[in-house]
1. How compact is the chain by the rule of thumb for globular proteins, expressed as Cα Rg over 2.2 N^0.38 Å?
2. If I fit a long axis through the Cα atoms of helix 2-41 and take the longest principal axis of the Cα atoms of the chain, what angle between them do I get, 0 to 90°, rounded to 10?
3. How big, in percent, is the set of alpha carbon pairs in the stretch 46-107 lying more than 15 Å apart?
4. Once both axes come from the Cα atoms, what is the angle between helix 81-91 and the longest principal axis of the chain, in degrees from 0 to 90, rounded to 10?
Amino acid sequence: ILLVANKMNKHLKRKEKFASFLVMLGQEERQVEIIREVLIEQKQFSMDTLFRRLNKTNRDGYISIEELEEFMMESNTPHNTFETECLLRSFDHDNDGKISYWDLVFSI
């Protein structure tokens, strides 16, 4: 009986962790959508300007996790490392670990 109870307890903990992960993922999707809306509503919005602003550290043609983190800190966007990684993954359509110009265009 204890073995079964122990297994059930572990199963419930995994379900709770998974549920928390899904909630966090949903919050990240909302944050991405808010960023999209804010950017598109700006009168002088330019994809090129946005990309250059984000890719300012080494200007290698890709936005790295460090550059995204720096942008979020400069814009006073509340975040943690996990949220920044999720944001990068949501924009990184070719799954190379960085955001290209076309990844950004496709996302916005």
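Coordinate-derived values only; no laboratory data. All of these numbers come straight from a predicted model, not from anything done at the bench.
1. Output field value: 1.40.
2. Relative to the chain, helix 2-41 is tipped by roughly 20 degrees.
3. Here the long-distance tail beyond 15 Å is 45 percent of all Cα pairs in the stretch 46-107.
4. The helix 81-91 is inclined about 60 degrees to the chain.
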